[in-house]
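For reference, the structure discussed in these notes is given below.
Just so it is clear, none of the values below were taken in a lab; they were calculated from the coordinates. Note that this is a predicted model, so its numbers are computed, not measured. Please note: Cβ atoms are built from the backbone with ideal geometry, for glycine as well, and neighbour counts cover all protein chains shown.
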């Protein structure tokens, strides 16, 4: 009988152990959480106006060496995020790249813009919904390389802008900010 008693106690202990394990499993919960993170979008528009406040003509203007053309270039923020800004000026005649110093006389507004590594950096942060101070407001056709060989050709000055976020991107100067696109990169 002693053996039977020991066997019953062992079975009861085993049964109690099994029941406690199943009840522990009953109270265990697993789950999955999906977090959606959306990055901010920086949107801007390059604005080109004349001194009279009109949009600069999209078809361009007829010029000759020595002419002065009113062209006020600013960049407007179209997003809800502050950003650092840089602009590159690219010029040429019918896909032939020329030196800006030999074609255009441009007085950059250096109170607000700084030339560094071929780019003009806006010295301030561009605030959402606001526009920059003008990069320049007039273009003079210098003519050192624009001569009779270029009659009937299209003289172009392209303003190419890129921006990076300010938030979580501290910099003492805009050109020190992280994330600027590489030369020829998208951005």
**Asked** What is the distance, in nm, between label points placed 7 Å from the Cα along the Cα-to-Cβ direction at residue 130 and at residue 88?
**Response** 2.8 nm
**Request:** Starting with the fewest neighbours, write out 120, 62 ranked by other beta-carbon atoms found within 10 Å of each beta-carbon.
**Result:** 62, 120
**Request:** Give the order of 119, 84 when sorted by the count of other beta carbons within 10 angstrom, beginning with the fewest.
**Result:** 119, 84
